[in-house]
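Below is one structure; the comments refer to it alone.
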Amino acid sequence: MAVLPILETPDPLLRRISSPVEEVTPELQTLIDDMFETMYAAPGIGLAAIQVGVPKRLLVIDLQEPEEEGGEPVRRPLVFINPEIVETSDHLQVYNEGCLSVPEMYAEVERPDRIRARWLDRDGSSREEELDGLLAICLQHEMDHLEGILFIDHLSRLKRDMILKKLAKARKLAA
Ligand code: NI
């Protein structure tokens, strides 16, 4: 397994539309393992393949939520290949989102709070489930990446420009 470099905005690859996975091969499973290692190391709770430069409809999620309040985070790795949203609730929820490709920046984004999704898992088996809460938010955020969309695209131009300015300043300070 390997920690892969994560692309950051404004890398043009992040704007690419990813192509469907044709077949779940051992090479794809290696990429999946590397994506988990990369996500845990970052650390983050979701990562799309395009964020490590691979334009395929593949993403990984692990909310790493503790079983009880104040407990140790528990790993529950989830793999989504060729995910599709088949139904969304009318009710929206607001979540303060961040993204490994827009490092250290956060903003509130509104999304449907419940979705029904269909995807292939790590073994290529078909799955369909209703998801809610943070998992629903996270999957929608990661699926946006497959369309070349970042969470900052959901903000007003003013807020987006503010974040990009802050990011540029933080990079200058770090350089
Ligand atoms: Ni992201």
Listed by first then second residue, the pairs whose first member lies in segment 137-149 and is within 12 Å of Arg57 (Cα to Cα), whose partner is open to solvent by 10 Å² or more (accessible area, probe 1.4 Å) and part of a helix (DSSP H, G or I), with beta carbons under 8 Å and at least 6 positions apart or on separate chains, are Asp144/Asp153; Gly148/Arg15
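So which residues in segment 66-88 are of a type outside the set (Val, Ile, Thr) and assigned to a strand (DSSP E or B), if there are any at all?
Hits for segment 66-88 are Pro66, Pro73, Leu78, Phe80, Asn82, Pro83, Glu84, Glu87.
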| said: So for segment 99-112 (the condition being within 16 Å of Ile137 (Cα to Cα), within 16 Å of the ligand (Cβ to nearest atom) and polar (S, T, N, Q)), does at least one residue qualify? | reply: no
Of the residues in segment 12-23 that are under 21 Å from Asp144 (Cα atoms) and open to solvent by 90 Å² or more (accessible area, probe 1.4 Å), the one that is farthest from the chain's Cα centre (by Cα) is Glu22
The number of residues in segment 24-65 that are part of a loop (DSSP other than H, G, I, E, B), surrounded by fewer than 12 Cβ atoms within 10 Å (Cβ to Cβ) and away from the ligand (no atom under 16 Å from the Cβ) is 1
Some residue of segment 66-85 being aromatic (Phe, Trp, Tyr), under 12 Å from the mean Cα position of the chain (by Cα) and either open to solvent by 80 Å² or more (accessible area, probe 1.4 Å) or within 16 Å of the ligand (Cβ to nearest atom) (or both): yes
The lone condition Leu158 fails out of (1) more than 16 Å from the ligand (Cβ to nearest atom); (2) in a helix (DSSP H, G or I); (3) within 27 Å of Glu27 (Cα to Cα) is (3)
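Hey, does segment 4-11 have a residue that's away from the ligand (no atom under 16 Å from the Cβ) and either open to solvent by less than 30 Å² (accessible area, probe 1.4 Å) or polar (S, T, N, Q) (or both)? Before the answer, list the steps.
If we filter segment 4-11 for residues that are away from the ligand (no atom under 16 Å from the Cβ), which is where we start, we get none.
No, because not a single residue in segment 4-11 is away from the ligand (no atom under 16 Å from the Cβ) and either open to solvent by less than 30 Å² (accessible area, probe 1.4 Å) or polar (S, T, N, Q) (or both).
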Going through segment 133-151 in order, the residues found to be touching a helix residue (DSSP H, G or I) at 6+ places or on another chain (Cβ under 8 Å) and more than 10 Å from the ligand (Cβ to nearest atom) are Leu146, Gly148
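The values are calculated or read from the model by the stated rules, or taken from the named source; none is laboratory data. Every value quoted in this text rests on a predicted model; they were computed, and no experiment measured them. For neighbour counting, all protein chains shown are included, and Cβ atoms are generated from backbone atoms with ideal geometry for every residue, glycine included. Just so you know, the surface numbers come from the protein's heavy atoms only, side chains and all, with ligands and any DNA or RNA stripped out. Shrake-Rupley method; radii C 1.70, N 1.55, O 1.52, S 1.80 Å.
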